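Participant: Before I ask anything, let me first share the structure, which is written out below as structure tokens.
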Amino acid sequence: MKRLGVNIDHVATIRNARGGTHPNPFNVARQAINFGADSITVHLREDRRHINDNDLKKLTKSKIPINLEIACNNKMMKIALKNKPKFVCLVPEKRKELTTEGGLNLVKYHKKIMLIVRKLNKKKIRTSLFINPTIKDVILSKKINSNCIEIHTGKISNRIKMKKNYAKEFKIIKKCAKFASKLGMEVHAGHGMDYNTTKVLSKINEIKEFNIGHFIIGESISTGLKNVIKKINKLINK
């Protein structure tokens, strides 16, 4: 069975818009797990624009499997080591970006990323690198000794939404997924996915986990969180 990770960042975005406590990300996380999600993803950004330190502390103290997305620096690494989430995904981060714009620069930050991955692996925290779909990045991820890769699916997602030909993007993602799997790394996918993108990418058997946030939270406003998670799970396990 392929797994679904639900990103609840934008539950916190709605909460923060009013500065109160509602909606409560922790409660939504529990509901998502009860409705069929396998894990909960949160991105603790350096500017704390949505999920904050208290959210992370409460989530990691629970029995909910947490996939923590963090920037590649010592400060965020120490936060991860202190809270001990089950999983950590290292992602690029720019203060002014609306959302993550691409994969990690594994060439420029190779040594820094390798050091962080080594320390996380030592504490038995499953590591993942958020990468662009290139064979070069897959090879570098293996050299860094990451347990998993998460392929940035923004480009193919945009082309599917705009009803443009996505054959080229699909081919390279499939190629990268197969190659990474042969190298012994688990393959995940995330960014910009909706029902249609999920349906397309679920055809790649090597992708074992889908991490979806904005669409699930947005769609649940009109159709309900339970219904959205049920439909996504059905799509990824057809």
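The values are calculated or read from the model by the stated rules, or taken from the named source; none is laboratory data. Remember, it's a predicted structure, so these values are computed and weren't measured experimentally. Virtual Cβ from ideal backbone geometry, glycine too; neighbours counted across all protein chains shown. SASA here: full protein model, heavy atoms, side chains in, ligands and nucleic acids out. Shrake-Rupley method; radii C 1.70, N 1.55, O 1.52, S 1.80 Å.
Participant: When the range 25-43 is examined, which residues are found to be open to solvent by less than 30 Å² (accessible area, probe 1.4 Å), farther than 19 Å from ILE79 by Cα and among the aliphatic types (A, V, I, L, M)?
Facilitator: Across the range 25-43, the qualifying residues are VAL28, ALA29, ALA32, ALA37.
Participant: Okay, moving on. Would you pick out the residues in the range 203-236 that are open to solvent by less than 20 Å² (accessible area, probe 1.4 Å) and either without any contact (Cβ under 8 Å) to a residue 24 or more places away in the chain or not in a helix (DSSP H, G or I) (or both)?
Facilitator: Of everything in the range 203-236, those that are open to solvent by less than 20 Å² (accessible area, probe 1.4 Å) and either without any contact (Cβ under 8 Å) to a residue 24 or more places away in the chain or not in a helix (DSSP H, G or I) (or both) turn out to be ILE204, ILE207, GLU209, PHE210, ASN211, ILE212, GLY213, VAL228.
Participant: Among (1) open to solvent by 30 Å² or more (accessible area, probe 1.4 Å); (2) under 17 Å from the mean Cα position of the chain (by Cα); (3) within 19 Å of HIS214 (Cα to Cα), which single condition is HIS22 missing?
Facilitator: If we test HIS22 against (1) open to solvent by 30 Å² or more (accessible area, probe 1.4 Å); (2) under 17 Å from the mean Cα position of the chain (by Cα); (3) within 19 Å of HIS214 (Cα to Cα), just (2) comes out false.
Participant: Restricting attention to the range 143-197, and to residues there that are of a type in the set (A, V, I, L, M) and assigned to a loop (DSSP other than H, G, I, E, B), which single residue is surrounded by the fewest Cβ atoms within 10 Å (Cβ to Cβ)?
Facilitator: Here the residue is MET162.
Participant: Oh, and also: So, in the range 115-142, exactly how many residues are open to solvent by less than 60 Å² (accessible area, probe 1.4 Å), closer than 13 Å to ALA177 by Cα and not hydrophobic (A, V, I, L, M, F, W, C)?
Facilitator: Here the count works out to 5.
Participant: State all residues of the range 53-80 that are under 22 Å from GLN31 (Cβ atoms) and buried (at least 17 other Cβ atoms within 10 Å of the Cβ); if no residue qualifies, say none.
Facilitator: ASP55, LEU56, LEU59, THR60, ILE64, PRO65, ILE66, ASN67, LEU68, GLU69
Participant: Is it true that LYS122 is modelled with pLDDT of 95 or more and basic (Lys, Arg)?
Facilitator: When the stated conditions are applied, LYS122 passes them.
Participant: Now, a different point. As an exercise: evaluate GLU46 against (1) over 19 Å from the mean Cα position of the chain (by Cα); (2) open to solvent by 50 Å² or more (accessible area, probe 1.4 Å); (3) of a type outside the set (Gly, Ala, Ser) and give the number of the one condition it does not meet.
Facilitator: (1)
Participant: Please specify each residue of the range 184-226 satisfying the condition of being out of contact with any helix residue (DSSP H, G or I) (no Cβ under 7 Å at 6 or more places or on another chain) and closer than 21 Å to PRO65 by Cα.
Facilitator: Within the range 184-226, GLU186, HIS188, GLY190, LYS208, GLU209, ASN211, PHE215, LYS226 qualify.
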